[in-house]
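K.L.:
Sharing a structure with you now.
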Amino acid sequence: MTLSQPNDSRSSAAVARDVSGRSVDVEVAVVGYDDVVAVSRNPEVFSSAKGFTIDDVPAEILEFAMSMIAMDDPRHRRLRGIVQSAFTAASVRGIAERVRGYAAQIAAGLPRDAEFDFVPDVATRLPVQVICELLGIPESDRPMILAAAADVIAGGGDREFVTAPGGAAGLGQIYGYALELGETLTPTEFGSFVILLITAGFETTRQALAWALHLLTEHPDQRELLLADFAGHIDNTIDEVIRFASPVPCMRRTATVDTELGGAHIAAGDKVVMWYLSANHDERIFDGPGRFDITRANAGKHLGFGAKDIHYCLGMNLARLELRVMLEELFTAHPALHAVGEPALLLSAFISGIAALPARTRDER
């Protein structure tokens, strides 16, 4: 395969072709901010219905496991309309004290004289607790749900590098469990919604928490700024962490018609991969994009929750609440909390994540 690009070096669309120059079933890499926004906001031309991951997902799994992310309107609009009331800013404020209670318990239980792994001991626990609470999942079942969600994200544990959420066993466990929870939607729709909430809803939040501790440790000047005025800086800090790390690095669409993007021709049926990680580091939008800066004036322009399109993250308000509250409780209880050593990264193109992050609550340096 060779890579065909327009002459304009700033173009963000690159189309793979075979050596004869003939277009094949390829993926168009969309890496520039403006073009990612253009694809996101044009669902009639760039469809979600054939999957959102780099790899194709079997149709039977796509139907029951991928929920609203893999739908176009009007079906997408109908399902989103049924569940979105639970995730409005007002609804999230209504559970804020319960979220804070969970966060305080987690912070209080951290070891004071020993190293621990921040990912399972902190970053994983809060979002799982909150989501299970929202779904009414009893405490006794939560370890099973967590293990199944981890299996889905890890692709079933049988591959070294993951390009799509797999793990058929985990999907089946969550789906079966979901069918026992309620009948608000059809069984298939409700099952797929619960899978979405349990996997995406907790994975992106826990990754943002892990990245936050890592980045604040790596940039002590930014950490000092945050702790000097937590209320004044925390919201922008969350945006900058999500911009910098982009926990969900990409999403795929499929072209429904022949079109042009960034000077490159896209044929109907081509896969179009929007690289949020690249767009969030586009120097035409973000000055010095490789710099972690919690005072960045336009950090909130990041595309980590989407591009304010029809698939804009339903759980954005809940994720922000969890991040804000957990970081506040952590640094209130443990002002010296810091990561030690380098994080172990997930081997995944689907999640830009940290698998393990050693940490301490006391500064012994």
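The values are calculated or read from the model by the stated rules, or taken from the named source; none is laboratory data. These numbers come from a predicted model, not from an experiment. In this analysis, Cβ positions are derived from the backbone assuming ideal geometry, glycine residues included, and neighbour counts consider all displayed protein chains.
K.L.:
When you look at Gly269, is it buried (at least 17 other Cβ atoms within 10 Å of the Cβ) and small (Gly, Ala, Ser), yes or no?
P.N.:
no
K.L.:
Would you be able to say whether some residue in the stretch 290-312 is aliphatic (A, V, I, L, M) and within 30 Å of Glu115 (Cα to Cα)?
P.N.:
Looking through the stretch 290-312, at least one residue is aliphatic (A, V, I, L, M) and within 30 Å of Glu115 (Cα to Cα).
K.L.:
So which residues in the stretch 283-302 are part of a loop (DSSP other than H, G, I, E, B) and within 16 Å of Trp211 (Cβ to Cβ), if there are any at all?
P.N.:
Result: Pro289, Gly290, Arg291, Phe292, Asp293, Ile294, Arg296, His302.
K.L.:
Confirm whether Arg296 is touching a Lys or Arg at 6+ places or on another chain (Cβ under 8 Å) and at pLDDT below 95.
P.N.:
Taking the combined requirement at face value, the residue does not satisfy it.
K.L.:
Next up: Glu133 versus (1) over 26 Å from Gly341 (Cα atoms); (2) of a type in the set (Asp, Glu); (3) out of contact with any helix residue (DSSP H, G or I) (no Cβ under 8 Å at 6 or more places or on another chain): which is the lone unmet condition?
P.N.:
Against the list (1) over 26 Å from Gly341 (Cα atoms); (2) of a type in the set (Asp, Glu); (3) out of contact with any helix residue (DSSP H, G or I) (no Cβ under 8 Å at 6 or more places or on another chain), Glu133 comes up short only on (3).
K.L.:
Now for a different question. Check the stretch 223-244 and report whether any residue there is in a loop (DSSP other than H, G, I, E, B), surrounded by fewer than 18 Cβ atoms within 10 Å (Cβ to Cβ) and either among the polar types (S, T, N, Q) or at positive phi (or both).
P.N.:
no
K.L.:
Determine, yes or no, whether Leu110 is closer than 21 Å to Leu357 by Cα, touching a Ser or Thr at 6+ places or on another chain (Cβ under 6 Å) and either surrounded by fewer than 20 Cβ atoms within 10 Å (Cβ to Cβ) or modelled with pLDDT of 75 or more (or both).
P.N.:
Yes; evaluated as a whole, the condition is true for this residue.
K.L.:
Now for a separate question. May I ask you to verify whether Val257 is part of a loop (DSSP other than H, G, I, E, B), more than 23 Å from the chain's Cα centre (by Cα) and of a type in the set (A, V, I, L, M)?
P.N.:
yes
K.L.:
Exactly one of these conditions fails for Glu322: (1) more than 15 Å from Ser246 (Cα to Cα); (2) in contact with a Gly (Cβ under 7 Å, 6 or more places away or on another chain); (3) buried (at least 22 other Cβ atoms within 10 Å of the Cβ); (4) of a type outside the set (Val, Ile, Thr). Give me its number.
P.N.:
The number of the failed condition is (2).
K.L.:
Right, here's the next one. Can you tell me how many residues within the stretch 107-122 are farther than 23 Å from Ala147 by Cβ and part of a helix (DSSP H, G or I)?
P.N.:
2
K.L.:
How many of the residues in the stretch 118-130 are crowded, with 17+ Cβ neighbours inside 10 Å and over 17 Å from Ala336 (Cβ atoms)?
P.N.:
Summing the residues that are crowded, with 17+ Cβ neighbours inside 10 Å and over 17 Å from Ala336 (Cβ atoms) in the stretch 118-130 gives 9.
K.L.:
Only one residue in Leu321, Leu314 is closer than 30 Å to Arg125 by Cα and part of a loop (DSSP other than H, G, I, E, B), so which one is that?
P.N.:
Leu314
K.L.:
In the set Thr205, Thr259, Thr254, Thr217, which member is touching a helix residue (DSSP H, G or I) at 6+ places or on another chain (Cβ under 6 Å) and in contact (Cβ under 8 Å) with a residue 12 or more places away in the chain?
P.N.:
Being touching a helix residue (DSSP H, G or I) at 6+ places or on another chain (Cβ under 6 Å) and in contact (Cβ under 8 Å) with a residue 12 or more places away in the chain holds for just one of Thr205, Thr259, Thr254, Thr217, which is Thr205.
K.L.:
Might you let me know whether the stretch 123-132 holds any residue that is assigned to a loop (DSSP other than H, G, I, E, B) and either at positive phi or modelled with pLDDT of 90 or more (or both)?
P.N.:
no
K.L.:
Could you please let me know if Thr217 is polar (S, T, N, Q) and not in a helix (DSSP H, G or I)?
P.N.:
no
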